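The values are calculated or read from the model by the stated rules, or taken from the named source; none is laboratory data. Being a predicted model, the structure only gives us computed values, none of them experimental. FYI the Cβ positions are ideal-geometry reconstructions off the backbone, even for glycines, and counts take in every protein chain you see.
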Amino acid sequence: MNAILPKIKEYSQNTNETTIKIKVLIDTLYNNQRLEKSQYKYILDNITEDETEYLYQKAFEAKMKHYKNKVYLRGLVEISSYCSQGCKYCGINAFVKDATRYRLTKEEIIDCCEGGYILGYRTFVIQGGEDRFYSDELMIDIIKTLKSKFEDIRITLSLGERNYLSYLKLYNAGADRYLLRHETASKRLYEHLHHDFMSFEKRREALANLKKIGYQVGAGFMVGSPTQTNEDLVEDLLYLKDLDPHMVGIGPYLCHSDTELKGNDSGTLTETLIMVALVRLQNQKALLPSTTALGTLDKKGREKALHAGANVMMPNISPTKHREAYEIYQNKICTGDTSVQCRGCIELRIKSQKHQVDLGVGDYIDLQEGAIK
Ligand code: SF4
């Protein structure tokens, strides 16, 4: 069990005085883009459904100020379900014996991106478990091939922890961005969720290295993971404020029955939307994905996230035959859809929310052409 956002869980109601105090703190966060530790804690300890609408509305305003109603699309290629890591929540971690394992060849990855390019995508997110098969040499070859075929694209890597030199080589080969969720900024919780051979410090060092090299960096965390507390979530907010990443992926913890954490409650949509909105208010220029995991929790989860500050979606362009095997969590939506179907479905969903599809490269706002730095 996690112990976050108690009043949301209990459907409590606040006195007028508490509601006003929460709204004042939300306004302060909107204006100053930071709060004190105790102020974040006050919001998380006391927020009820009565204040969430106000929170989402302010987060939406913050998004509109910097990105308007654009939603950037990224084509997602899931290249490998092999992983040497031991994240206890993940359905493809090294200890899950029954997981179906596959990996894509260089040619298959290029084919996926070619198909994605025809569908209009200009950012490709190459994501996989930590799989040593993808050596620096192979990744450099893939990155250079993609960059020589398509001049007007960005390449985002999401391949887990690698050493500084490896990150540097991939950056020099043409990779533009790197996603590496920190998962939790609480050392206690990190150690609860990961096997002993994984290191909280190493994960943070990897993120610091990526920033130092010059990548547009994405961090991120899970909401509702087993034993998570409001103090842990406050740590996430403070860490993200300090790191100042270009992207932040925030998703619910979704319990997988083949993992060591089986039997735990999953995170909820409301908990996750609250954290998306708080991050939007404090890291106002960050690109925030509306994750597929939210769509798994609630049919309209991804649409709701757009109204809580999210502005990126990542339709899947991986080969349909492997989609189910990339089962980091269960009951993942869209695994049977082709890239073309995903493209159409996502566009309709975005338009239905009076948002605009943006198929440009969608850099962090200060790095966009003509941006006032
Ligand atoms: S979360 Fe990523 S690094 Fe961790 S086990 Fe799953 S695929 Fe591997």
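Worth a mention:
- Residue match in segment 27-43 (condition: in a loop (DSSP other than H, G, I, E, B), of a type outside the set (A, V, I, L, M, F, W, C) and within 16 Å of the ligand (Cβ to nearest atom)): no
- Just one of the numbered conditions (1) within 13 Å of the ligand (Cβ to nearest atom); (2) touching a helix residue (DSSP H, G or I) at 6+ places or on another chain (Cβ under 6 Å) is not true of Gly115: (1).
- Residues in segment 129-161 that are of a type in the set (S, T, N, Q) and either touching a Cys at 6+ places or on another chain (Cβ under 6 Å) or outside any helix (DSSP H, G or I) (or both) were compared, and the one that is nearest to Leu359 (Cα to Cα) is Thr156.
- Lone qualifier among Lys37, Lys106 - being of a type outside the set (A, V, I, L, M) and more than 25 Å from Asn2 (Cα to Cα): Lys106
- Count of residues meeting criterion [buried (at least 19 other Cβ atoms within 10 Å of the Cβ), free of Cβ contacts under 8 Å to residues at least 60 places away in the same chain and not in a loop (DSSP other than H, G, I, E, B)] in segment 203-231: 9
- Positions within segment 241-296 being basic (Lys, Arg) and either out of contact with any Phe, Trp or Tyr (no Cβ under 9 Å at 6 or more places or on another chain) or buried (at least 20 other Cβ atoms within 10 Å of the Cβ) (or both), in sequence order: Lys241, Lys262, Arg280
- Segment 183-197: number of residues that are buried (at least 19 other Cβ atoms within 10 Å of the Cβ) and in contact (Cβ under 8 Å) with a residue 60 or more places away in the chain: 3
Condition check ((1) more than 16 Å from the chain's Cα centre (by Cα); (2) over 30 Å from Lys106 (Cα atoms)) across all residues:
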| site | (1), (2) |
| --- | --- |
| Tyr239 | no, yes |
| Leu243 | no, yes |
| Val248 | no, no |
| Cys255 | yes, yes |
| Gly263 | yes, yes |
| Ala286 | no, yes |
| Pro289 | no, no |
| Leu294 | no, yes |
| Lys304 | no, yes |
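- Lys9 meets the conditions (1) without any contact (Cβ under 8 Å) to a residue 24 or more places away in the chain; (2) within 16 Å of the ligand (Cβ to nearest atom) in every case but one. The failed one is (2).
- Given (1) surrounded by 24 or more Cβ atoms within 10 Å (Cβ to Cβ); (2) of a type outside the set (A, V, I, L, M, F, W, C); (3) at pLDDT 95 or above, number of the condition Gly301 does not satisfy: (1)
- Every residue from segment 61-104 that is touching a strand residue (DSSP E or B) at 6+ places or on another chain (Cβ under 9 Å), part of a loop (DSSP other than H, G, I, E, B) and among the hydroxyl-bearing types (Ser, Thr, Tyr): Ser81, Tyr82, Tyr89, Tyr102
- Enumerated helices (runs of 4 or more DSSP H) restricted to segment 258-362, each holding at least 1 residues that are within 16 Å of the ligand (Cβ to nearest atom): 292-297, 320-323
- Of all residues in segment 81-106 being within 19 Å of His322 (Cβ to Cβ) and in contact with a helix residue (DSSP H, G or I) (Cβ under 7 Å, 6 or more places away or on another chain), the one that is farthest from the ligand (Cβ to nearest atom): Lys106
- Considering segment 120-169, and only residues there that are polar (S, T, N, Q) and either under 19 Å from Ile317 (Cα atoms) or loosely packed, with under 14 Cβ neighbours inside 10 Å (or both), the residue that is farthest from the ligand (Cβ to nearest atom) turns out to be Ser148.
- Across segment 176-188, a minimum of one residue is classified as touching a His at 6+ places or on another chain (Cβ under 8 Å), basic (Lys, Arg) and part of a strand (DSSP E or B).
- Residue within segment 82-100 that is under 19 Å from Tyr178 (Cα atoms) and aliphatic (A, V, I, L, M) present: no
- Qualifying residue in segment 195-202 (condition: out of contact with any helix residue (DSSP H, G or I) (no Cβ under 8 Å at 6 or more places or on another chain), away from the ligand (no atom under 14 Å from the Cβ) and not in a loop (DSSP other than H, G, I, E, B)): yes
- Looking across segment 4-21, the residues that are under 15 Å from Ile274 (Cα atoms) and outside any loop (DSSP other than H, G, I, E, B) come down to Pro6, Lys7, Ile8, Lys9.
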